[in-house]
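Below is one structure, written out as structure tokens, with a few remarks after it.
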């Protein structure tokens, strides 16, 4: 892939319990709420070190930043900080059940007050440990995870940014309000990211079968190595994609510019833009037929294309690229 400063800049920028919340604000959350979970008597309160071999990690942290990183150590550490001294019922609670580590925000309790209490959690795990599953849910707070390997990764955040750097086969991230930054290294099966309000940045190093990126309000930037399928959707915001190879490309933007820099022409492409131009950069020798449908705007190209009716053919025209734009120009440029 032709290097881009955008990838580095963008990355500089997420099953649980049952909760019922009410009351006044406590920093980022509420004064009184119910927080209950099963097997509560099996949990240990406060910081600890864990030497058990863990394959699954399940984290549910109500309010506060959560950081996890892989280290050279051979044990797991749980370390929580608070803005004031707190009793055991307010401290993080953990339990190792077989090869599964459960992490909970506090004691399982029907009603608890966190007035003026603000906490943050940091977890370290052996970087060499290969996990089968990691799940994290944070209602209010940033998620910053790095240096781990897992088969499946599932993160959910109601309010806060997510920054993830990992090696995982299946990745699913859902953010209601906040930016999502993912750096994935190694071959992967799928990446599925949804953001209601916030930008999405993905840097994928390796082969991947399926990438789905959906932002209701925010920009999307994706730097991919080799993807069998990319499906990207933005309601309000631009799309910027760079890739060595994408076999099947689908893109839909309601409002915002669209840029695709591709090391090889996709076998199939379906690009839609309601309001905003589309720029596609592909090699000059690409065998492609471009079918532009433009309501208001111009079609421009600097490849040696020949016009065939409403279609534009480059090389032998084997691959098909359909581009629909309601308002904006379409440019097919050399890469």
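Each value in this text was obtained by applying a stated rule to the coordinates, not by laboratory testing. The model shown is predicted, which means the values in this text are computed figures rather than measured ones. Every residue, glycine among them, receives a Cβ derived from its backbone with ideal geometry; neighbour counts consider all protein chains shown.
Our Cα-only numbers for the stretch 190-243 put the radius of gyration and Dmax at 10.3, 29 Å.
Expressed as a fraction of 2.2 N^0.38 Å, the value expected for a compact globular protein of N residues, the C-alpha radius of gyration of the stretch 105-152 is 1.51.
Give the peptides 226-238, 305-317, 110-122, 153-165 in descending order of average Cβ contacts within 10 Å, highest first.
Working: 226-238: 19.8, 305-317: 14.1, 110-122: 16.4, 153-165: 22.2.
Final packing ranking: 153-165, 226-238, 110-122, 305-317.
How much of the DSSP beta bridge set in the chain is antiparallel, as a percent to the nearest 5?
Values: 32 of 163 bridges.
Approximately 20 percent, going by the DSSP bridge assignments.
Under the simplified labelling scheme, the residue 100-residue 296 pair shows an inter-label distance of 5.6 nm, with each label point 7 Å from Cα along Cα→Cβ.
Exposure proxy shown here: for 151, 89, the number of other Cβ atoms within 10 Å sets the order, fewest to most, as 89, 151. Taking every Cα-Cα distance in the stretch 186-335 and sorting them into 10 Å bins starting at zero, the pair-distance distribution P(r) comes out as 12, 44, 34, 9, 0 percent.
Find the all-direction average of the projected area of the Cα convex hull for the stretch 23-160, expressing the result in square nanometres with one decimal place. Walk me through the intermediate numbers first.
Working: hull surface 30.8 nm².
Average of the hull's projected areas for the stretch 23-160 equals 7.7 nm².
Using only alpha-carbon positions in the stretch 76-126, the gyration tensor eigenvalues give semi-axes of 22, 15, 7 Å once each is multiplied by 5 and square-rooted (largest first). Annotation for residue 189 and residue 274: the two label points, set 7 Å from Cα along the Cα-Cβ direction, are 3.4 nm apart. Based on the reciprocal of the average 1/r between different C-alpha atoms, the Kirkwood radius for the chain equals 21.6 Å.
Got a sec? How would 262, 213 order by Cβ neighbour count within 10 Å, fewest to most? Mind dumping the intermediate values first?
Numbers: 262 22, 213 26.
Fewest-to-most ranking of 262, 213: 262, 213.
Treat the count of other C-beta atoms within 10 Å as a stand-in for reagent exposure and order 48, 84, 55, 104 from fewest to most.
Working: 48 14, 84 9, 55 17, 104 23.
With the fewest neighbours first, 48, 84, 55, 104 line up as 84, 48, 55, 104.
Given the stretch 186-335, what percent of its DSSP beta bridges are antiparallel, to the nearest 5? Here the antiparallel bridges make up roughly 10 percent for the stretch 186-335.
For residue 254 and residue 176, a Förster radius of 22 Å and the Cβ-Cβ distance give a FRET efficiency of 0.70, rounded to the nearest 0.05. Once the mean of 1/r is taken over each pair of separate Cα atoms and inverted, the stretch 145-224 shows a Kirkwood hydrodynamic radius of 12.2 Å.
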